[in-house]
Amino acid sequence: MMQKPLFHKETQISMEVSAQIVSQLREYLERIGASDTVPLNCTRKDFFSNIVGGLLKVDHVERGHITLYLRVKAAVTNAYGGLHGGVVASVAEMVAVACARTVVGKEKELFLGELSNSYLSAAPQNAEVKVDASVVRSGRNLTVVAVEFRMKESEKLVYTSRATFYNMPVASL
């Protein structure tokens, strides 16, 4: 894979930072792939959503509550072999929107105002994670959804999320 330079001519490095620290930083960034270029087939619109969405399987749907299962595949793990935090956040957002839609009609547009994630443990590669989302509160202008990620086998809580949506009426022009 081609690499792009991590540091450019204009990179400013404080005199307080030693050359050893800069070298360690460069090694770390290279190890995690920060200097790799993104393959062309990965640059199409909504590529990430397609990867993440392909990992989910719906188990149960009711008003204000949905349950899905997430399979942790190699493509969505971090350098340590656990589910990548960005994937956790992305899944939390997708599932929270789906859950909110069970109580908020299509006549209202949902705007994500806040997403809070807690990373309590790591879900390892090939694990299956149960993702439970519940509407905590839904009013005329606001919907709050809580999402829990638990290991399917042990029910151990690994991640939690809370999403706050603003319910905005679609403008009638």
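Tabulated values for the structure
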quantity	calculated
Residues (outside any loop (DSSP other than H, G, I, E, B) and among the charged types (D, E, K, R)) located in region 27-63	27, 30, 31, 36, 57, 59, 62
Among (1) assigned to a strand (DSSP E or B); (2) free of Cβ contacts under 8 Å to residues at least 60 places away in the same chain - the single one residue 90 does not satisfy	(1)
Residues located in region 140-159, provided they are within 20 Å of residue 94 (Cβ to Cβ) and among the acidic types (Asp, Glu)	148
Every pair of residues 6+ apart whose Cβ atoms lie under 6 Å, when the first sits in region 52-74 and is closer than 15 Å to residue 85 by Cα while the second is acidic (Asp, Glu) and assigned to a strand (DSSP E or B)	71/128
Pairs where the first residue, in region 107-123, is outside any strand (DSSP E or B) and at pLDDT below 95 and the second is surrounded by fewer than 17 Cβ atoms within 10 Å (Cβ to Cβ) and among the hydrophobic types (A, V, I, L, M, F, W, C), C-beta under 9 Å, 6+ apart	107/170
Number of positions in region 27-53 that are exposed (fewer than 12 other Cβ atoms within 10 Å of the Cβ) and touching a Leu at 6+ places or on another chain (Cβ under 9 Å)	0
Test result for residue 2, exposed (fewer than 10 other Cβ atoms within 10 Å of the Cβ), among the hydrophobic types (A, V, I, L, M, F, W, C) and at pLDDT 85 or above	no
Top-ranked residue in region 75-106 [being farther than 13 Å from residue 145 by Cα and of a type in the set (S, T, N, Q); ranked as surrounded by the fewest Cβ atoms within 10 Å (Cβ to Cβ)]	78
Subset of region 54-74 (residues that are loosely packed, with under 12 Cβ neighbours inside 10 Å and farther than 30 Å from residue 137 by Cβ)	74
In region 104-126, the residues that are more than 16 Å from the chain's Cα centre (by Cα), under 21 Å from residue 168 (Cα atoms) and not charged (D, E, K, R)	104, 105, 110, 111
Strands (runs of 3 or more DSSP E) (entirely within region 124-173) containing at least 2 residues that are modelled with pLDDT under 95	157-169
Residue in region 39-53 that is closer than 29 Å to residue 145 by Cβ, of a type in the set (Val, Ile, Thr) and more than 22 Å from the chain's Cα centre (by Cα) present	no
In region 124-138, residue surrounded by the fewest Cβ atoms within 10 Å (Cβ to Cβ) [restricted to those that are touching a residue at least 24 places away in the same chain (Cβ under 8 Å) and more than 20 Å from residue 71 (Cα to Cα)]	136
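The values are calculated or read from the model by the stated rules, or taken from the named source; none is laboratory data. This one's a predicted model, so the numbers in the text were calculated from it and none came from an experiment. When we count neighbours, we look across all protein chains shown, and the Cβ atoms used for this are built from the backbone with ideal geometry, even at glycine.
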